[in-house]
Amino acid sequence: MEKIGLFYSCNTKKTALAAKKISEEFDHKLEHVNVESLTEKNFSAYRNMILGVSTWFDGELPNYWDEFIPALEDIDLKGKVVAIFGNGNQKGYPENFVDGIGIMADLIEKQGGRLVGFTSAKGYEFESSRALRGEQFIGLALDYENQAAQVNVKIKKWVEQLKKEFDME
Ligand SMILES: Cc1cc2nc3c(=O)[nH]c(=O)nc-3n(C[C@H](O)[C@H](O)[C@H](O)COP(=O)(O)O)c2cc1C
């Protein structure tokens, strides 16, 4: 099977925890790329990609992703299939819940990438989110602070969905 790239920072706790679970559900067939040492070359090495993007600073990307954005704006993502998961806190930050997913999704689409892995926003309580498109999140929203017990179930379901939506021909 062609390797799928799993991009997240090793220096996170909850994102790394979710990434480990995602990897398990893919029977460890993913290749981990540490976002803190990301280059244009290793970002472009995979057709199917999973990005771990949490939200920090009231609706912004974590620093380690921010630093890569200027390079990302020069990369052609045509033909790439991208799924985004992100941690947030709907009670603590209801006006910016998982905005990071939405910020990254916009960038990926602007560069020609195709997004997959949309999920229902039902069962969450928040006021606004840049990750919303209609009734759906344009990725997988995880909230370890308020819905920890649901995280693994959501991941399992999402991975089943990705196995169908990724381009594996
Ligand atoms: C200073 C700070 C700002 C945050 N801002 C947001 C936010 O705007 N939206 C959101 O959904 N979560 C926000 N969070 C919650 C984090 O996204 C959440 O704790 C997440 O689990 C962090 O995952 P990570 O440590 O793997 O990056 C914030 C947390 C902190 C500490």
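A few points about this structure:
- Of the residues making up region 51-60, those that are in contact (Cβ under 8 Å) with a residue 12 or more places away in the chain and near the ligand (Cβ under 10 Å from one of its atoms) are Gly52, Val53, Ser54, Thr55, Trp56, Asp58, Gly59, Glu60.
- All conditions but one from (1) of a type outside the set (A, V, I, L, M); (2) in contact (Cβ under 8 Å) with a residue 12 or more places away in the chain; (3) farther than 29 Å from Lys41 by Cβ; (4) more than 9 Å from the ligand (Cβ to nearest atom) apply to Lys78; the one that does not is (3).
Conditions (1) more than 20 Å from Asn63 (Cα to Cα); (2) within 13 Å of the chain's Cα centre (by Cα), marked per residue:
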site	(1), (2)
Phe7	no, yes
Cys10	no, no
Lys13	no, no
Ala16	no, yes
Lys20	yes, no
Phe26	yes, no
His32	no, no
Leu38	no, no
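- Scanning region 17-41 for residues that are assigned to a helix (DSSP H, G or I) and either open to solvent by 80 Å² or more (accessible area, probe 1.4 Å) or free of Cβ contacts under 8 Å to residues at least 24 places away in the same chain (or both) yields Leu17, Lys20, Ser23, Glu24, Glu36, Ser37, Glu40, Lys41.
- Looking across region 1-16 at every residue that is closer than 19 Å to Val53 by Cα and assigned to a loop (DSSP other than H, G, I, E, B), the one that is least open to solvent (accessible area, probe 1.4 Å) is identified as Ser9.
- Of Ala121, Ala148, all but one fail to be in contact with a Phe, Trp or Tyr (Cβ under 7 Å, 6 or more places away or on another chain) and over 30 Å from Ser44 (Cβ atoms); the exception is Ala121.
- Here Leu51 passes the criteria (1) in contact with a Gly (Cβ under 8 Å, 6 or more places away or on another chain); (2) surrounded by 21 or more Cβ atoms within 10 Å (Cβ to Cβ) except the one numbered (1).
- Looking at Ile108, Ile138, just one residue is within 25 Å of Ile4 (Cα to Cα), of a type in the set (Val, Ile, Thr), within 16 Å of the ligand (Cβ to nearest atom) and at pLDDT 95 or above, and that residue is Ile138.
The values are calculated or read from the model by the stated rules, or taken from the named source; none is laboratory data. Owing to the predicted nature of the structure, the values given are computational and were not obtained by experimental measurement. Every residue, glycine as well, gets a Cβ built from its backbone with ideal geometry; the counts of neighbours run over all protein chains shown. Side chains included, ligands, DNA and RNA excluded: accessible areas come from the protein's heavy atoms. Shrake-Rupley method; radii C 1.70, N 1.55, O 1.52, S 1.80 Å.
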